Every structure is written in C-alpha cells, then in structure tokens.
Amino acid sequence: MGEFSFSLAFIYNHHSMETTLSPLGTAKKKSVRRFVVPILKALVSLLFAFILAVSAQVTYMYATYQPFFISGESMWPTLNFSSRYTGSDGSSTLIDPSTGDYRAPGEYLCDYGLMDSSEGFIERLERFDIVVSYSERPSVAEDGTIVPKSETLVIKRVMAFPGESFYFSTEPDELGAFYVKGVGESEYHLIDETFYDPSLHPNWTEADIERIEEAMTTGTVYRDAASREKYPYLSGTLEEGEYFLCGDNRAHSGDSRSKGAFSEAQLVGRAIAIIGKAKYVIPESGTPSYSVSLFDYRMPCDFEWLIS
C-alpha cells in the first residue's frame, strides 16, 4: 500500500510538472520580445515623425516660395553644373558650359529651385545673392503695377547695390577682380568672390577650374575695341533703385556688363534653394516646356541652399 501510494503520488506530481512547465525555449522568446517590440515601436514612431516633419517642411516651402527653372549656362558652375542634353537619337551628354546654348531640339536636365518673391524680398537682398529677373526693364503703371516688356526671365548674381560705385580690374595679376566703393566711402575695396574658390568645391575637376578662371577674366575687362563695344558697363556708379547683376560664367553671360544696370522693377525673386532637376524639352517645332516628376526632387536634407 505504501509503495502504491508513493507511485500514485509520483505519477501525480510528474503529471503536474508536465502540465505546468512551459515548453523548452518559450521563456527565452518572451524575453526577446520584451526588448524587440519597444524598439520596433520607437522606430515606427521616429519614422512617422520624420515623414511628418518632411511633409510639413515641403508644404511650408511650396506655400511660401515660388518655383523657378534654369535653362542656360550663364550661372555655371554654381547652377546647372551637371546639366545634361539628350538628343533625338537618345544619346546623352554633359553640357559644355562654353558652348551649351540650350537651343537645340531635345531634352535638357536642368536645375529646379524655389525663390522668395514675397513683398519686401528686395530689402532682404545681400551681396552675392542670386536673383531671378526680367530680361528687360518693365514699365510701371500709375498704380505701381509692373508691366513686363518681355516675359523672358534670367538668373544672375547681385554684385553691387544702389548708390555704390564699382569697376573690374584690368591689372594683369588680378584680371577681372571686382572692386566696390560703398555709399559715403572714399576708397574702393576688393570684393572676395568666394563662389569661385575651388577649395570649397571638391567636385570641380582641373578642366572645370581652368574654365572658371577663364570665365572670371574673358569678356570681363577691356581687351580691345570689340570688348568695349560688347561690354560697355564695366565700371560706373549705380543710381537709386539700380542693381549690377552678373552671371558666374562671365565668358557666356548676358548681364549688366552688356545690358547696363537692372532696375528694382525687373527683380522677380531671390533664389533660396535648388531642390531637384527639371526636364526642359525643346521640340522640333512649338514652345519649349518644363516638367518635374516625383523622382526629380531631392529630400529637404539634400537641398542645395543658395542663401546663408
């Protein structure tokens, strides 16, 4: 009887152990889940916050700023540095900034950006800011409305402001250097054009740097009678409401050196950032057109900011 009781007790206890113990490894799985689940929740929350922040920034920028496209080489290498041309035969090549004229039929991949055209943007302009402007001086109606003579827009850099005097150096050791005398100042001072500094642009090749050095000098100074005729405004004093604008690719830019000062009424907006690439299509016949797809945009963290 005693042996039987012991056997029953053993069987009962053994059965209880089998029914109450968890299967092998379950406790370890629960332990892993206890750490993994909170981490996944945190990652999802961060991703959601990131998407929300990006959406808010994009919405804000498009509600605040206006788009602009760049179909030309006059601001190379700052803008359209890697612009490409695709011909009707499907071949694709980088545009040569010394020959690219953006006129041949085909598809061009150009920079696309946003500009501040809100009221008062002119008061916020600083030297070397990049502006979008009408190519010709518009007329101003009696009520102050600006009536453009041409809808053609150009994009250039602000070099000098109303009331300032300026000149380009013709000295051999500083050919093309830009000097400015501010309002009320008695002497000219050299303007350090940092946008031409190769050390700030590691992606420039030796060939790029040679072209940039040529762009700084060619067509900038009086070399002969032809240069004086082409660029009659290489020195002077700006009147009230006048701005001296230049393209960075000075060897291939129609700007204040040939056209004279730009009026305040010509200025359309201050370039804020390059946010992607646009397709500029020139058909065999008809009007050129721009298009931007979702895949042509950059993330906000990759915007190329044009203001400090």
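What follows draws every value from the coordinates through simple rules; no lab data is involved. Values in this document were obtained by computation on a predicted structure and should not be read as measured data. Using ideal geometry, Cβ is built from the backbone for each residue, glycine included, and neighbour counts are taken over all protein chains shown.
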So if we plug the beta-carbon distance of Glu185 and Arg124 into 1/(1 + (r/R0)^6) with R0 = 22 Å, what FRET efficiency do we get, rounded to 0.05?
-> 0.45
Classify the range 79-193: rounded, prolate or oblate, from the alpha-carbon gyration tensor (a ≥ b ≥ c, eigenvalue square roots; a/c under 1.5 rounded; otherwise prolate if a/b is larger than b/c)?
-> oblate
The extension gain from Ser165 to Ser92, computed as 0.36 nm times the residue separation minus the Cα-Cα distance, is 21.8 nm
Tail beyond 24 Å, pair distance distribution of the range 67-305 (Cα, percent) = 49
Starting from the Cα of Leu175, step 7 Å along the direction of its Cβ; do the same at His201; then give the gap between the two resulting points in nm.
-> 1.9
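Beyond a 28 Å Cα-Cα separation, which of these cross-linked pairs lie in this structure: Lys156/Lys230; Lys156/Lys181; Lys181/Lys259; Lys156/Lys277; Lys41/Lys277?
Among Lys156/Lys230; Lys156/Lys181; Lys181/Lys259; Lys156/Lys277; Lys41/Lys277, the Cα-Cα distance tops 28 Å for Lys41/Lys277.
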Taking 0.36 nm per residue of separation between Arg84 and Glu142 and subtracting their Cα-Cα distance, the length gained on full extension comes to 16.4 nm
Highest to lowest packing among 251-257, 39-45, 90-96, 148-154, scored as the average C-beta count within 10 Å | 251-257, 148-154, 90-96, 39-45
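Ranking Val158, Val37 by Cβ neighbours within 10 Å, fewest first, what do you get?
Lowest count first: Val37, Val158.
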For Glu164, distant residues with modelled amide H under 5 Å away = Leu238
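I need the shape label for the range 121-249. Rule: rounded when a/c is under 1.5, else prolate if a/b > b/c, else oblate, with a, b, c from the alpha carbon gyration tensor.
Because a/c hits 1.5 or more and a/b exceeds b/c, the range 121-249 counts as prolate.
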